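In what follows, a single structure is set out as structure tokens and then discussed.
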Amino acid sequence: MAVARVTRLCSLSGWALCRPVLGHVSVQRGYRGSSPTDSGKDVLEIPLPPWQERPDEPLETKRARLLYESRKRGMLENCILLSLFAKENLSRMSERQLNLYDRLINEPSNDWDIYYWATEAKPTPAVFENDVMAMLREFAKNKNREQRLRQPDLEYLFESPR
């Protein structure tokens, strides 16, 4: 019954979530699910809260939050890719790069998009095409052929910086 009520409310309100992004209006954020054979008639679109930049967040807090968010993605491929990328890069990123990374991992509503962009399976939208995305794409190529089967342990956080 609750699902039917939510479905009815969704269809009545329309939930048009749009916000300006660099002078343009961004598309609706939500998880819809998709399958090539699915008609979509029974799909419930669940809107996600809009991503918001945190300009007053201290850098160390931002790094800690981004490390956590890189590890807790909801899909194993991105948990491994982003947590290893974060371990290698977060500590030396500038504030501007941290903000770009924050936007990259938190604004898209579908984690598969991030994975496809990083592995170059799909083209990266212009709004996310920047030096941090280039760093992530290069990292995903794994040119040193490292074995990347799990997230890094967190002990490295307690080691003295080199």
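Which residue, L44, S83, N106, has the largest displacement toward the positive end of the dipole of the range 40-145 when charges sit on each Cβ (Lys, Arg +1; Asp, Glu -1)? Of the listed residues, the answer is S83. Would you mind estimating how fast the range 42-138 diffuses translationally, via Stokes-Einstein at 37 °C and 0.692 mPa s with the Kirkwood radius over Cα pairs, in µm²/s? So the translational diffusion coefficient is about 236 µm²/s. Ligands, DNA and RNA excluded, the heavy atoms of I80 present near 20 Å² of accessible surface to a 1.4 Å solvent probe.
Spin-label model, N144/K41: points 7 Å from Cα along the beta carbon direction are separated by 5.4 nm. For M75, the solvent-accessible surface with a 1.4 Å probe is about 20 Å², rounded to the nearest 10. Around the amide H of I46, modelled in the peptide plane, lie the amide H atoms of Y31, all under 5 Å away and 5 or more residues distant in sequence or on another chain. Over the range 50-157, accessible surface divided per residue gives 57 Å², non-protein components excluded, 1.4 Å probe. Extension gain, E129 to Y116, is 3.4 nm, computed as 0.36 nm per intervening residue step minus the present C-alpha separation. Subtracting the Cα-Cα distance of S94 and Y156 from their residue separation scaled by 0.36 nm leaves 20.3 nm. Ranked from largest to smallest solvent-accessible area, with a 1.4 Å probe on the protein heavy atoms, S83, S91, S109 come out as S91, S109, S83.
For E57, the amide hydrogen comes within under 5 Å of no other amide hydrogen, counting only partners 5 or more places away or on other chains and with H modelled in the peptide plane.
The values are calculated or read from the model by the stated rules, or taken from the named source; none is laboratory data. Quick caveat: nothing in here was measured; it's all calculated off a predicted structure. Backbone-built Cβ (ideal geometry, glycine too); neighbour counts: all protein chains shown. Just so you know, the surface numbers come from the protein's heavy atoms only, side chains and all, with ligands and any DNA or RNA stripped out. Shrake-Rupley method; radii C 1.70, N 1.55, O 1.52, S 1.80 Å.
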